[in-house]
Structures are given as C-alpha cells and as structure tokens.
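Engineer: If you scroll down you'll find the structure; I have some questions about it.
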Amino acid sequence: MKTKNTIFLFFSLLAIIILLGCSSEKQPLKVLNEPTQKIISELKGQDFSIVLNDMDVTEDEKNIIYRHKYVILKPKQERLDVDSTDWQNVSEEFFMKHENDLGMEIVSNHDGKFSAIAKPVGFDWAVGNKKYGDWQIDSTSTNHQKRHWVYRNSSSFFLMYWMFSRPTPMRVYNNYANSARGRTPYYGMGNNIYGTKSQYNKVKRSNFYKRRATSSTWGKTYSKRKVTRSSSRFGGSSRTRGRSGGFGK
C-alpha cells in the first residue's frame, strides 16, 4: 500500500511540474486587427500597394511578438508617393502566412482590383503598363523574349523608387501572367527569384538575414513549429491551412 501511495505521489508531482512548465511557456501576442487592415481602411478608394519591407520576432516577459515593417506605394497622377511604417505587431498566423514574402507586395488595390496574394512589386499594375515604361531588347540579343522592363526616364513617376531595383525580364513577367496572376503567390520560374528565399534579397536586405540567424527567439519559434508540424503529420490530423485564405484572418 505504501508503495502505491509513493508511486501516486510521484506521478502527481510530475503532472504538476509539467503543468507549471506549460503554463510558463510564452504565447504569441494576440493581435485583433492586422496593421494592413488599418492601412486598407485609411486608403479606401485610392490606388496603393503594401510591400513587406522587414520582419522580426522578439519577446517580452510573457509573449512572443511578431512584427512587420511596410512600404506603402501610392500612385497619384504624375508622381509616386512612398511612405514607410515603423515596426507593427502582427498575429502569428499572418506572420507565418507571409514569411516567404519579404520585399513583395502582400496587399494591393489598383484600378478597382483588390488583391491579397503576394507578388513581385508592380507586377499587377506597373510592369507592362505603357503609361509608365517600355519593354527594351537586351543589348546582347534580338530575341523579343530577352526583353526587360524599363521605366521611362521622361517620367518621374517611379524613377526614385525603382532607380536601384533589378530589371524585370519579359519571360518572367509572362510566366507570372500566364500561371499565377490572381491565383497564387509568385516567386519566380521554378525557383525563388523573389521573396525571402531569393539571393537578391539576401544581398539587398542582408541585415534581416543576420538578425534572423542570430535571434534566439526566432530559433525557438521555428523549433516549436517543427515539433508542431511533426505532431500534426503523425498524429492523424488532416487539416491544412492554405496560403491564399481569407485576408487578415
């Protein structure tokens, strides 16, 4: 009888320790309204694009905090207004939905067409639009598919924002228009030309990758996700979450 009581006491203490450990685990900070929703509301009726300019994961005493920085592009007649935000808290789900979308448009509204599908900047409204530029043949080729998009120097509309951006090849743009437009996020032709995994961003936004690599909070977050994914994979769960689900949910 004494042995049974000892065993019972041991497992009771073990359960308490486990519960205490679980209760002390930091939870994602709850965000009721995504910052992008506020921007959409403020710019209602206007043309705009929201570009994901930076991401970060931090923590305080109780919470894991997911954050974004945005650049907001607003075309207005003969100019392009460019605004930027400081760090904005976002929900864990929204952060994970766009973890591969660094440097891309994640929300846009142009000519009455709203989109919440990630794409390279300008692919739905600037590239291919004769109002802003032209396709030019590469100096080394006469093949029309070797053309790339160039914003006209005669127009200051996009000159400041795109002055140091890489050219857009016609074959890549055509691939986007034929295979992804309005349906799925686009990162390039079979590889990651655009977004978080692109070599271009690893050079242009090197501080982001250094910060992510040295962040203990980011590391713990990804370790936890791997465990969760493994549990879901082998636990019989059949639920999946699509990237193109409801905006801001």
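Engineer: Could you give every pair whose Cβ atoms fall below 6 Å, whose first residue belongs to the stretch 69-84 and is over 15 Å from HIS110 (Cα atoms) and touching a residue at least 24 places away in the same chain (Cβ under 8 Å), and whose second residue is β-branched (Val, Ile, Thr) and part of a loop (DSSP other than H, G, I, E, B), counting only separations of at least 6 or pairs across chains?
Structural biologist: Within 6 Å, the pairs are TYR70/THR85.
Engineer: Could you check how many residues of the stretch 60-84 are on the phi > 0 side of the Ramachandran plot and in contact with a helix residue (DSSP H, G or I) (Cβ under 6 Å, 6 or more places away or on another chain)?
Structural biologist: Filtering the stretch 60-84 down to residues on the phi > 0 side of the Ramachandran plot leaves 77.
Checking the rest, the ones that are also in contact with a helix residue (DSSP H, G or I) (Cβ under 6 Å, 6 or more places away or on another chain) come to none.
The number of residues fulfilling the criteria is 0.
Engineer: Could you list, ordered by first residue, the pairs with Cβ atoms under 6 Å in which the first is in the stretch 188-214 and touching a residue at least 40 places away in the same chain (Cβ under 8 Å) and the second is loosely packed, with under 10 Cβ neighbours inside 10 Å and charged (D, E, K, R), at least 6 apart or interchain?
Structural biologist: Matching pairs, first to second residue: none at all.
Engineer: If THR240 satisfies every condition in (1) at pLDDT 60 or above; (2) among the hydroxyl-bearing types (Ser, Thr, Tyr); (3) surrounded by fewer than 17 Cβ atoms within 10 Å (Cβ to Cβ); (4) within 27 Å of PRO35 (Cα to Cα) but one, which is the exception?
Structural biologist: If we test THR240 against (1) at pLDDT 60 or above; (2) among the hydroxyl-bearing types (Ser, Thr, Tyr); (3) surrounded by fewer than 17 Cβ atoms within 10 Å (Cβ to Cβ); (4) within 27 Å of PRO35 (Cα to Cα), just (1) comes out false.
Engineer: Can you work out which of the residues in the stretch 158-184 that are hydrophobic (A, V, I, L, M, F, W, C) and modelled with pLDDT under 90 is farthest from ILE137 (Cα to Cα)? Write out each step before concluding.
Structural biologist: At the first step, the residues of the stretch 158-184 found to be hydrophobic (A, V, I, L, M, F, W, C) are 158-160, 162-164, 170, 172, 177, 180.
Restricting the remaining residues to those that are modelled with pLDDT under 90 gives 158-160, 162-164.
Working: PHE158: 20, LEU159: 20, MET160: 23, TRP162: 19, MET163: 19, PHE164: 19 Å.
So, considering only residues that are hydrophobic (A, V, I, L, M, F, W, C) and modelled with pLDDT under 90, the one farthest from ILE137 (Cα to Cα) is MET160.
Engineer: From (1) surrounded by 18 or more Cβ atoms within 10 Å (Cβ to Cβ); (2) part of a strand (DSSP E or B); (3) of a type outside the set (Phe, Trp, Tyr), pick out the condition that doesn't hold for LYS74.
Structural biologist: (1)
Conditions (1) at pLDDT 95 or above; (2) over 16 Å from the mean Cα position of the chain (by Cα); (3) closer than 29 Å to LYS197 by Cβ; (4) not in a helix (DSSP H, G or I), marked per residue:
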{"site": "LYS4", "(1), (2), (3), (4)": "no, yes, no, no"}
{"site": "PHE8", "(1), (2), (3), (4)": "no, yes, no, no"}
{"site": "ALA15", "(1), (2), (3), (4)": "no, yes, no, no"}
{"site": "LEU19", "(1), (2), (3), (4)": "no, yes, no, no"}
{"site": "LYS38", "(1), (2), (3), (4)": "yes, yes, yes, no"}
{"site": "VAL51", "(1), (2), (3), (4)": "yes, no, yes, yes"}
{"site": "VAL107", "(1), (2), (3), (4)": "yes, no, yes, yes"}
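Yes/no matrix, rows are residues, columns are (1) modelled with pLDDT under 95; (2) among the charged types (D, E, K, R); (3) part of a helix (DSSP H, G or I); (4) loosely packed, with under 14 Cβ neighbours inside 10 Å:
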site	(1), (2), (3), (4)
TYR186	no, no, no, no
MET189	yes, no, no, yes
ASN192	yes, no, no, no
ASN201	yes, no, yes, no
ALA213	yes, no, yes, yes
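The values are calculated or read from the model by the stated rules, or taken from the named source; none is laboratory data. Predicted model, so just to flag it, every value in this text is computed and none were measured. With ideal geometry, Cβ positions are generated from the backbone for all residues, glycine too; neighbour counts draw on all protein chains shown.
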